[in-house]
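Quick one: the structure is below, questions incoming.
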Amino acid sequence: ELLITVMGSADGNTGTQKRNQHLSEARAKYIFDILTTKYGISPDRLTIKTEVVKKAAAPELSRAVIFTF
């Protein structure tokens, strides 16, 4: 059975640490909810992780949700 990690990211170069942590959690939770409700993936197959990226080549690279399998 394939296990999926949903990693929510936020840009640590703007805003507060608390706000960025909230954004990364919200991004991951949003995708988690879509995968479970719309696509019927069992929540047991998904793990949520979050990160606040301090350095990235471009801000949009740290404002993302990344999947690992």
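The values are calculated or read from the model by the stated rules, or taken from the named source; none is laboratory data. Owing to the predicted nature of the structure, the values given are computational and were not obtained by experimental measurement. Backbone-built Cβ (ideal geometry, glycine too); neighbour counts: all protein chains shown. Accessible surface is based on the protein model in full, side chains and every heavy atom, while ligands, DNA and RNA are left aside. Shrake-Rupley method; radii C 1.70, N 1.55, O 1.52, S 1.80 Å.
For the chain, what is the number of Lys pairs with C-alpha distance below 17 angstrom, counting only pairs 8 or more positions apart or on separate chains?
Summing the qualifying lysine pairs gives 5.
Here is a further query. In square angstrom, what is the accessible area per residue of the chain with a 1.4 angstrom probe?
About 68 Å² of surface per residue is accessible.
Roll a 1.4 angstrom probe over the protein heavy atoms and tell me the percent of accessible area of the chain that is carbon or sulfur.
Roughly 57 percent of what the probe reaches on the chain is carbon or sulfur.
Measure nothing fancy, just the Cα-based angle from helix 17-37's long axis to the longest principal axis of the chain, in degrees from 0 to 90, nearest 10.
Between the helix axis and the principal axis of the chain, the angle is about 20 degrees.
Still on this structure: For the stretch 5-49, which trypsin sites (Lys or Arg not before Pro) are in a loop by DSSP, counting at most 15 other Cβ atoms within 10 Å?
Within the stretch 5-49, the qualifying trypsin sites (Lys or Arg not before Pro) (loop, at most 15 other Cβ atoms within 10 Å) are Lys38.
Hey, got the dipole for the stretch 13-69? About the Cα centre, +1 on K and R Cβ, -1 on D and E Cβ, debye to the nearest 20?
180 debye
Any chance you could list the semi-axes, whole Å, largest first, of the equivalent ellipsoid that the Cα gyration tensor gives for the chain, using √(5λ)?
Whole-Å semi-axes of the equivalent ellipsoid: 24, 12, 9.
Given Thr16, Leu3, Ile41, which one lies farthest toward the positive end of the charge dipole of the chain, if we put +1 on the Cβ of every Lys and Arg and -1 on the Cβ of every Asp and Glu?
Ranked along the dipole, the leading option is Thr16.
So what's the net charge close to Glu1: Lys and Arg +1, Asp and Glu -1, counting the other residues with Cβ under 15 Å from its Cβ?
Summing Lys and Arg as +1 and Asp and Glu as -1 gives 0.
Moving to a separate point now. Mean separation of Cα pairs under 8 Å and 6+ residues apart, divided by the residue count of the chain: what relative contact order is that in percent?
54 percent
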